[in-house]
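A.B. asks: Have a look at this one.
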Amino acid sequence: MLLVLLFSVTQCRKKEQMEQPPVFGIEALAVNEYIEMSEDEYATIPLYIFQPLHLQPAFTTTRPEPTDQSIYFAAAAAFTGKNLTSICGPYIIDGIIGDNFYKGNMNGFAAMWGDQLKIGLISDSASYYKQWVKEKKGDYFEQCLLVDAGETVKCTLFTRKTKRRALATKEGKALVIESKSAETIDDFSLALKAYGVESALYLDMGGWSYGWYKDAMGNVKHIGFHTPNTKHQTNWIVFRKSK
């Protein structure tokens with residue numbers, strides 16, 4: 001009888017574990033030809049810092065696959081709409097304006113063309129950069145701006161603590177920065193400022209936080225945590241080899 005009971009408890013626990021959403025974490029520091037990763041603390045906040053090397057940033061609505069030999073980093077970018085099919089805010093891919101979006105009321109944007117990345121306030125220069133990336137056949141999307149010209153920008157969309165991730169620029173170079181622990185949005189922004197970024201744009205997190213990068217051996221390493229909405233992600237920021 002005891003044996004049967006133990007078997008039943010074990011089976012229940014296995015079932016519960018199988019039903020849990022996938023949980024990922026940074027497994028190792030990566031330093032290779034295309035991705036350099038470091039870990040440090042700024043304003044008492046531990047950060048993971050990914051620096052793409054010799055890669056181009058791009059925005060895409062096509063799910064990036066780790067088997068794609070040209071892509072070395074991928075993560076959720078803009079918010080996915082409530083209908084789980086649209087994107088929050090207007091976007092441009094390869095110079096073509098997307099039509100599957102709704103008004104997101106965001107205050108920041110990221111414009112990408114070639115190996116260049118510009119992050120800024122929508123009210124300042126979004127119209128100019130929209131036209132620029134259309135001409136250059138580049139990409140564009142909108143999100144919450146956290147840092148502008150080296151100073152934090154107040155974000156009131158979030159109240160609870162969770163892990164955070166941002167697309168940023170420092171000394172003209174593109175970075176993706178993630179908090180190692182759950183933080184308020186204000187504390188995360190202060191950590192980005194302390195690290196010295198010139199600009200930073202929030203990337204979708206929470207249940208949408210799944211992403212990956214390739215380590216020095218070319219192995220795929222997952223990032224993100226509690227990612228039940230992964231299958232519903234509609235858009236991504238990727239870093240890939242030049243076309």
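The values are calculated or read from the model by the stated rules, or taken from the named source; none is laboratory data. Keep in mind that what you see is a predicted model, and the values were worked out from it rather than measured. Quick reminder, even Gly has a Cβ in these numbers, built from the backbone with ideal geometry, and neighbours come from all protein chains shown.
This table checks each residue for (1) within 16 Å of the chain's Cα centre (by Cα); (2) of a type in the set (Lys, Arg); (3) over 17 Å from LEU175 (Cβ atoms).
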position	(1), (2), (3)
PRO64	yes, no, yes
ASP68	no, no, yes
LYS82	no, yes, yes
CYS88	yes, no, yes
GLY98	no, no, yes
ALA110	yes, no, no
THR152	no, no, no
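Residue by residue, here is whether (1) more than 22 Å from LEU157 (Cα to Cα); (2) hydroxyl-bearing (Ser, Thr, Tyr) holds:
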{"site": "TYR48", "(1), (2)": "yes, yes"}
{"site": "LEU55", "(1), (2)": "yes, no"}
{"site": "THR60", "(1), (2)": "yes, yes"}
{"site": "PRO64", "(1), (2)": "yes, no"}
{"site": "ILE71", "(1), (2)": "yes, no"}
{"site": "ALA75", "(1), (2)": "no, no"}
{"site": "GLY95", "(1), (2)": "yes, no"}
{"site": "ASP99", "(1), (2)": "yes, no"}
{"site": "LYS103", "(1), (2)": "no, no"}
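A.B. asks: Just checking, which of ALA168, ALA191, ALA216 is in a loop (DSSP other than H, G, I, E, B) and of a type outside the set (S, T, N, Q)?
C.D. replies: Selected residue: ALA216, the only one of ALA168, ALA191, ALA216 that is in a loop (DSSP other than H, G, I, E, B) and of a type outside the set (S, T, N, Q).
A.B. asks: Which residues, taken from segment 145-162, are at pLDDT 95 or above and surrounded by fewer than 23 Cβ atoms within 10 Å (Cβ to Cβ)? Spell out the reasoning first.
C.D. replies: Of the residues in segment 145-162, the ones at pLDDT 95 or above are 145-153.
Listed by number, the residues that qualify are ASP148, ALA149, GLY150, GLU151, THR152, VAL153.
A.B. asks: Just one of (1) surrounded by fewer than 23 Cβ atoms within 10 Å (Cβ to Cβ); (2) out of contact with any strand residue (DSSP E or B) (no Cβ under 6 Å at 6 or more places or on another chain) trips up TYR210, so point out which.
C.D. replies: Single failed check for TYR210: (1).
A.B. asks: Could you please tell me which pairs satisfy a Cβ distance under 8 Å, a separation of 6+ or placement on different chains, a first residue in segment 129-155 that is in contact (Cβ under 8 Å) with a residue 40 or more places away in the chain, and a second residue that is part of a helix (DSSP H, G or I) and among the aromatic types (Phe, Trp, Tyr)?
C.D. replies: GLY138/TRP132; TYR140/TYR129; LEU146/PHE188
A.B. asks: Still on this structure, please answer the following. For the list (1) under 13 Å from the mean Cα position of the chain (by Cα); (2) surrounded by fewer than 19 Cβ atoms within 10 Å (Cβ to Cβ), I need the number of the one condition that SER179 fails.
C.D. replies: Only one criterion in (1) under 13 Å from the mean Cα position of the chain (by Cα); (2) surrounded by fewer than 19 Cβ atoms within 10 Å (Cβ to Cβ) is unmet by SER179, namely (2).
A.B. asks: Looking at ASP187, ASP215, which is the one that is out of contact with any Asp or Glu (no Cβ under 7 Å at 6 or more places or on another chain), within 21 Å of PRO57 (Cβ to Cβ) and of a type in the set (Asp, Glu)?
C.D. replies: Numbers: ASP187 fails: within 21 Å of PRO57 (Cβ to Cβ).
The conditions single out ASP215.
A.B. asks: Answer with yes or no whether ALA174 is in a strand (DSSP E or B) and not β-branched (Val, Ile, Thr).
C.D. replies: Working: in a strand (DSSP E or B): yes; not β-branched (Val, Ile, Thr): yes.
Against the criterion (in a strand (DSSP E or B) and not β-branched (Val, Ile, Thr)), ALA174 qualifies.
A.B. asks: Okay, next question. For residues that are more than 26 Å from LYS170 (Cβ to Cβ) and either within 15 Å of the chain's Cα centre (by Cα) or crowded, with 17+ Cβ neighbours inside 10 Å (or both), tally how many sit in segment 213-231.
C.D. replies: 4
A.B. asks: Hey, ALA110 hits all of (1) part of a loop (DSSP other than H, G, I, E, B); (2) surrounded by 18 or more Cβ atoms within 10 Å (Cβ to Cβ) but one; which does it fall short on?
C.D. replies: Against the list (1) part of a loop (DSSP other than H, G, I, E, B); (2) surrounded by 18 or more Cβ atoms within 10 Å (Cβ to Cβ), ALA110 comes up short only on (1).
A.B. asks: Which of (1) more than 25 Å from LEU190 (Cα to Cα); (2) touching a Pro at 6+ places or on another chain (Cβ under 9 Å); (3) in contact (Cβ under 8 Å) with a residue 24 or more places away in the chain is the odd one out, the single condition ALA74 does not satisfy?
C.D. replies: (1)
A.B. asks: Across segment 196-207, which residue is surrounded by the most Cβ atoms within 10 Å (Cβ to Cβ) among those that are under 23 Å from PHE141 (Cβ atoms) and more than 15 Å from the chain's Cα centre (by Cα)? Steps first, answer last, please.
C.D. replies: First, the residues of segment 196-207 that are under 23 Å from PHE141 (Cβ atoms): 197-207.
Still in the list and also more than 15 Å from the chain's Cα centre (by Cα): 197-198.
On the way: VAL197: 25, GLU198: 17.
Applying the filter and picking the extreme gives VAL197.
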